[in-house]
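Below: one structure, written as structure tokens.
The values are calculated or read from the model by the stated rules, or taken from the named source; none is laboratory data. Keep in mind that this is a model prediction, so the values were computed, not measured. Note: ideal-geometry Cβ built from the backbone for every residue, glycine included; neighbour counts use all protein chains shown.
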Amino acid sequence: MKLSLKTLREHVTSPEYSPTTLRGLAAKLELSDNESRALLKKYLQQLVDSSVIVKDSKGRYISPGEKTVVGTVEFARRNMGAFITIEDGEDIFIPSEDTGFSIHGDTVFVEITGRFREIRKGRIVKVIKRNKEKVVGTFKTRGIMAFVVADDIRIKNDFYIPPEGFNGAKPDDKVLVRITKYPSPGRNPEGVVERVLGDALSPEVDLLTVIYKQGLPEPGYFPEEVKTQAAKMSRKISSREIKEREDLRSELVFTIDGDDAMDFDDAISLRRNSEGNYMLGIHIADVSYYVREGTQIDSEAYSRGTSVYLLDTVIPMLPVELSNDICSLRPEEDRLTLSLLIEIDQRGRVIASEIKNSVINSRRRLTYSEVNGFLNGEASAETMEKLRPVAESLRLSHELAQKIRDLRKKRGSVMDISSREVKIIFDEEGRVADILPQTRGISEWIIEEFMILANETVAEIFNSRGLPFVYRIHEEPDPESMMQLKNYLEALGMKVKIPRNVHPKALQQILEKTKDHPLHTSIERVLVRGMKRAVYSSRNIGHFGLASEAYTHFTSPIRRYPDLIVHRLLKKLVNNSGRDLIEESKDLEEVLPKIASWASKRERVANEAEWDLLDMKKVEYIANRIGDTFDGVITGVTKFGIFVELTEKMISGLIHISTLDDYYDFIENQNILVGRKSKRIFRIGDQLRVQVVRADKTTMEIDFSIAKEKESRNNKKKTVSSNKSRTKEHNGKKRKN
């Protein structure tokens, strides 16, 4: 047998294979020379790293069978067991008592023991690889003993710190700990303080806390070889390169982005042709021209997977020389792009499309707020003058986007979900002064509609030809989640039919029918919670939420690695009609699933980092308002209490069942709490006036209680008054600047 990674994989996963050592495998495969043995060892390690096989304590290589699997353990945020995630496989539930001595993120060997609801259940037999080397947490002392409570509540153990490992840490400091010993029978894990970040309650440490917790690079950091390579990039586009491209510099092209954006991935152009059809151009920065496959910059971009946006700090996927300059579609500068040119009829339907290697020159850098003001008739004279050259294009964009949106709605795409975003307002000392809900305007959904159309158009090109590709997929929701939605709606007095194999149109109809209901926001919340997470995949199963047969991410290659891969695949298609793709299909079929899986993981890390920092700022805000009362809505009901979200601030906390005025029984199938004496019922969506009782930044826990009527009235006046004074103080400081 000729030794290769593929043939070795086939051998060790075949039914005839018996677990053996490196020496045993070399003998079985008749590999006698040192070079072949070294190659065997390399390939075996690659199979171990990708969890295809497991190396046990005796040095034998084992291939998981039907009753055993290898995966990554992910503990639930509350003490409700863990889940094993497997590439292209069904998750496995692990009860708390069967998690052994694993910690969150470990690669583990699992034995399947049965079923838990709709998924498999198992127990962890062995930890194969410890993937977490450091943790961030709060330093605590008890006598001469010290320990660190991890910030990540999915890490259930405290870490013992010996005196020689304090390294200057004081009680309630936020610290970075290097793990020296992992959990074992009768012993907690141990570590040493590697870095003191600062006082746990200081807002300055929040950013570094999140960065270390999620294993992100520090802002501004790139390896030296990457910085050197980026610095050598030419900012000048050669005349030869321009000649080989479609020259679109005479087209009226412009960008629309957020006020603070620096990395402009996408630009648009729009006009009518002689037949009255819309000629829409979606021009995306040609990052693949500068970031070549296999380079140091490419390797670092793959490792990061995505840019991470942490309030006012960005950790970019690419060095700033590229993300904010060379690749960014800045106004009045020639830029290389990959342009999707789409002809759309007067009903909003795509007639034709083509991809071009192009060069553009953006005429204007517009912001969402400027365009919203213009389209709403509220723009200032200065803004009107700035937008005058693109005014007709903006009106046409609004007209076309509405038609595209109507068609998407008609096919059943789930849309019009309320924004759950908030804006954090800081005072001059960097502390949270206020939290305000964010609203989306006309221009945001115009760009959204154009980008969705672009992503669908590109995906369909590959899907229709059966070529290797990276899709953005969204699975159908579980029947159990849809049953919970049905039960909730029926508890509100609504009769709905949700078929077992639900179509997105059914969910969109629910949103439309309940849009005037006082609990519409809560209905949205239950519906969204029942949806699965969208991920990247080389296997197309469509996008449920968008009701799309094929979808991808093509429009943001500056900040998302999958988009960069899609650009490379598109270029191979454009340059020689896809002959390279056909020739490389076997290699691509092996590498694209790994890229898709890794990109999904990195996206999740980025999301969790963004949510973590936002949650820390919410705890900081509410900790300064102990005793104040707020309006809230019940978002969850459990046997131990009620989860409530403050309506205006979108801050969640718990009303523990022990603080209620009666003994309450939890009726699980109806998801309600019922008072034994009072018969009072608490259910998701109920509105309450709550009082802030406790906020702990270490554990990230917030406790509320139901406000007493008299207290509620008094505190409501107090809260309004104090908010006014804070606002005046904050605005006053801003005016001094």
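Of all residues in the range 97-137, those being among the polar types (S, T, N, Q) and closer than 30 Å to Asp172 by Cα number 3.
Contact map, the range 516-534: residues that are at pLDDT 90 or above paired with residues that are β-branched (Val, Ile, Thr) and not in a helix (DSSP H, G or I), Cβ distance under 7 Å, separation 6+ or inter-chain. Pairs shown: Ala534/Ile473.
Of all residues in the range 333-349, those that are buried (at least 17 other Cβ atoms within 10 Å of the Cβ) and part of a strand (DSSP E or B) total 9. Of everything listed in (1) over 30 Å from Asn324 (Cβ atoms); (2) surrounded by fewer than 20 Cβ atoms within 10 Å (Cβ to Cβ); (3) of a type outside the set (D, E, K, R); (4) modelled with pLDDT of 95 or more, the single unmet condition for Ile161 is (2).
Here are Glu354, Glu378, Glu449, Glu428: which of them is crowded, with 16+ Cβ neighbours inside 10 Å and either in contact with a helix residue (DSSP H, G or I) (Cβ under 7 Å, 6 or more places away or on another chain) or not in a helix (DSSP H, G or I) (or both)?
Glu449
Could you tell me which numbered condition Asp106 fails, if it satisfies all but one of (1) over 30 Å from His474 (Cβ atoms); (2) crowded, with 16+ Cβ neighbours inside 10 Å; (3) of a type in the set (Asp, Glu)? For Asp106, the failing item is (1). Residue check: Pro562 meets all listed conditions (1) more than 23 Å from Leu453 (Cα to Cα); (2) assigned to a helix (DSSP H, G or I); (3) of a type outside the set (A, V, I, L, M, F, W, C) but one, namely (1). Here Val591 fulfils each of the conditions (1) of a type outside the set (Asp, Glu); (2) modelled with pLDDT under 95; (3) in a helix (DSSP H, G or I); (4) farther than 21 Å from Glu300 by Cβ apart from (4).
Check whether at least one residue in the range 25-35 is acidic (Asp, Glu), under 22 Å from Arg130 (Cβ atoms) and assigned to a helix (DSSP H, G or I), and report yes or no. No, the range 25-35 contains no residue that is acidic (Asp, Glu), under 22 Å from Arg130 (Cβ atoms) and assigned to a helix (DSSP H, G or I).
Residues that are over 29 Å from the mean Cα position of the chain (by Cα) and among the small types (Gly, Ala, Ser) within the range 196-235 comprise Ala231, Ser234, listed in sequence order.
For Val637, state whether it is part of a strand (DSSP E or B), under 21 Å from Ser419 (Cβ atoms) and not small (Gly, Ala, Ser). Spelling it out, it is not the case that Val637 is part of a strand (DSSP E or B), under 21 Å from Ser419 (Cβ atoms) and not small (Gly, Ala, Ser). Being modelled with pLDDT of 95 or more, in contact with an Asp or Glu (Cβ under 7 Å, 6 or more places away or on another chain) and either farther than 30 Å from Glu421 by Cα or of a type in the set (Phe, Trp, Tyr) (or both), is that true of even one residue in the range 656-666? For the range 656-666, residues modelled with pLDDT of 95 or more, in contact with an Asp or Glu (Cβ under 7 Å, 6 or more places away or on another chain) and either farther than 30 Å from Glu421 by Cα or of a type in the set (Phe, Trp, Tyr) (or both): absent.
Would you mind stating whether Gly122 is at pLDDT below 95, surrounded by 15 or more Cβ atoms within 10 Å (Cβ to Cβ) and among the small types (Gly, Ala, Ser)?
In short, yes.
Among the residues of the range 46-63, those that are surrounded by 11 or more Cβ atoms within 10 Å (Cβ to Cβ), among the polar types (S, T, N, Q) and closer than 16 Å to Val108 by Cα comprise Ser50, Ser51, Ser63.
Test Phe666 against the stated conditions and say whether it is part of a strand (DSSP E or B), among the hydrophobic types (A, V, I, L, M, F, W, C), in contact with a Ser or Thr (Cβ under 8 Å, 6 or more places away or on another chain) and more than 28 Å from Ala433 (Cα to Cα).
In short, yes.
Comparison of Thr638, Thr629 shows that the only residue that is over 30 Å from Glu293 (Cβ atoms) and surrounded by fewer than 18 Cβ atoms within 10 Å (Cβ to Cβ) is Thr638. Listed here are the helices (runs of 4 or more DSSP H) enclosed by the range 168-264 that have at least 2 residues being under 30 Å from Glu448 (Cα atoms) and in contact (Cβ under 8 Å) with a residue 40 or more places away in the chain: 206-213.
In the set (1) loosely packed, with under 14 Cβ neighbours inside 10 Å; (2) closer than 30 Å to Arg431 by Cβ; (3) at pLDDT below 95, the condition left unmet by Ile144 is number (2). Comparison of Ser238, Ser328, Ser250 shows that the only residue that is among the polar types (S, T, N, Q), under 30 Å from Ala401 (Cβ atoms) and over 24 Å from the mean Cα position of the chain (by Cα) is Ser250. When the criteria are applied in full, Thr439 fails the requirement of being out of contact with any helix residue (DSSP H, G or I) (no Cβ under 9 Å at 6 or more places or on another chain), touching a residue at least 24 places away in the same chain (Cβ under 8 Å) and assigned by TED's automatic domain parsing to the domain that holds Lys601. All conditions but one from (1) among the β-branched types (Val, Ile, Thr); (2) touching a Leu at 6+ places or on another chain (Cβ under 8 Å); (3) under 28 Å from Thr209 (Cβ atoms) apply to Ile626; the one that does not is (2).
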